[in-house]
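Worksheet for the structure shown next.
The values are calculated or read from the model by the stated rules, or taken from the named source; none is laboratory data. Note that this is a predicted model, so its numbers are computed, not measured. Here the Cβ positions follow ideal geometry from the backbone for every residue, glycine too, while neighbour counts run over all protein chains shown.
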Amino acid sequence: MILFALVIKKERDMDKRVLEKIRKIVHEKSGISLGENKNVLVTSRLGKRMKLLDITDYSEYLKYLTGENGEDETIKLLDVVSTNVTSFFREGEHFELLRKVVLNWKKNRQSRFRIWSAACSTGEEAYSIAMTLCEMADIYQGNVKILATDLSTDVLGTAKEGIYSKEKTKGISSQMLTKYFNTVRGSEDNDVQANDQIKKMISFYRLNLAEIPYPMSGPFDVVFCRNVMIYFQNDFREKLLREIARLIRPDGYFFTGHSESIINLSDDFKSLGPSVYIKKAG
Ligand SMILES: C[S@@+](CC[C@H](N)C(=O)[O-])C[C@H]1O[C@@H](n2cnc3c(N)ncnc32)[C@H](O)[C@@H]1O
C-alpha cells in the first residue's frame, strides 16, 4: 500500500514538472501566463489534445511538442490553451464611440479609415466594427479597411467563414441581422452567415502578439485590443503597448477590455476614461 502511494506521488511530481515545462513553452511562444490556478483548465484542454494524438501521458506529449513536429504542434497547443470568449457588440459603448469618432474625422475631411482588431477571436468584434461603419451614411465602404488578427488558427477559421448560430447573434439588432447576414440553408440551429458587404471590409490573418515587431506598417486610426492583455504579465504588456503605440497614428483611438487598464504601463496614451485611450501626438 505504501509502495503504491509512493509510486502515485512520484508520477504526480513528474506530471507537475512536465506540465511546468509545457506552461513555460506556452508563455515563451505567446505571452499567455497559465498560473497554478489554471491547472484544471490546462489539464482538461491538454487532455483533449493528447486524446486526439493518442498520447496518454504528459512526458510523451512534451517529447512530441519538442520533437520534429514541434512547430506545428505549438500552434495546435496555443489553439487549445487560449480562451476565445467573445460576442457581437461586446462592451457596446466602444462601438458607439467609434461611430462618433469616425463621424468627426469624416467632418474633418478624412475619407479613409484603417482599424485593427488585435486578438479578434471568432470574428464578432471585427464584424461589429464593419457593421458600425456600414451603418454610417457617407462612409464609402471601399475606403474602410479592417485588419483582424489572432493567434489561434481554429478561431480564425470560424471568423473567415463568418457562420454563427442564432444564439451567438443576440447582440445584433434584428434590423442589422437582416441587412448583413444570410440564413444558412439546411442548418439545424438556424445558423446565419455574414454577407459579402461586411466580409469584404475585413482581412483575417494569424498574428502572434508575442512576436514583436509586427509585420504591418500602420498607421491605424483605431486599434481594438480587448480582453487579451488579461492573459499576459506586465513586462509583456509594456512591450505590446509600445508596439501598438508605434502603429497608431497620433490622436488615434485605442480600446482595451473593460477589466484591463494600461495606467502605469505606457506613456504613449492619454486616458479618456476606463478602457478608452488616445495616442499622444508627438
Ligand atoms: C477572450 S478573446 C477576446 C476576443 C475579443 N477581442 C473580445 O474582446 O471579445 C482572447 C483572444 O486572444 C487571443 N490571443 C491570446 N494570446 C494571443 C497572442 N499572443 N497573440 C494573438 N492573439 C492572442 C486568443 O486566441 C483569443 O481569441
Reported set for the stretch 138-191 where residues are farther than 17 Å from Gly123 by Cα and touching a Lys or Arg at 6+ places or on another chain (Cβ under 8 Å) is Asp138, Ile139, Gln141, Asn143, Asp189, Asn190
State whether one or more residues within the stretch 134-141 are surrounded by fewer than 16 Cβ atoms within 10 Å (Cβ to Cβ), among the polar types (S, T, N, Q), at negative phi and outside any loop (DSSP other than H, G, I, E, B). yes
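Tell me, please, whether a residue that is within 16 Å of the ligand (Cβ to nearest atom) and part of a helix (DSSP H, G or I) can be found in the stretch 97-109.
The first filter runs over the stretch 97-109 and keeps only residues within 16 Å of the ligand (Cβ to nearest atom), leaving 97-98.
Next cut, part of a helix (DSSP H, G or I) only: 97-98.
Yes, the stretch 97-109 contains at least one residue that is within 16 Å of the ligand (Cβ to nearest atom) and part of a helix (DSSP H, G or I).
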Selection from the stretch 191-215 of residues that are polar (S, T, N, Q), outside any strand (DSSP E or B) and under 16 Å from the mean Cα position of the chain (by Cα): Asn208
Criterion violated by Ser87 - all others in (1) in the same structural domain as Leu207 (by TED's automatic domain parsing); (2) within 13 Å of the ligand (Cβ to nearest atom) satisfied: (1)
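Looking at the structure I just gave you, is Asn69 more than 16 Å from the ligand (Cβ to nearest atom) and modelled with pLDDT under 95? Can you show your working first?
Working: more than 16 Å from the ligand (Cβ to nearest atom): yes; modelled with pLDDT under 95: yes.
For Asn69, the condition - more than 16 Å from the ligand (Cβ to nearest atom) and modelled with pLDDT under 95 - is met.
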For the stretch 248-261, which residues satisfy the criterion of being under 20 Å from the mean Cα position of the chain (by Cα), surrounded by fewer than 21 Cβ atoms within 10 Å (Cβ to Cβ) and of a type outside the set (Asp, Glu)? Gly257, His258, Ser259, Ser261
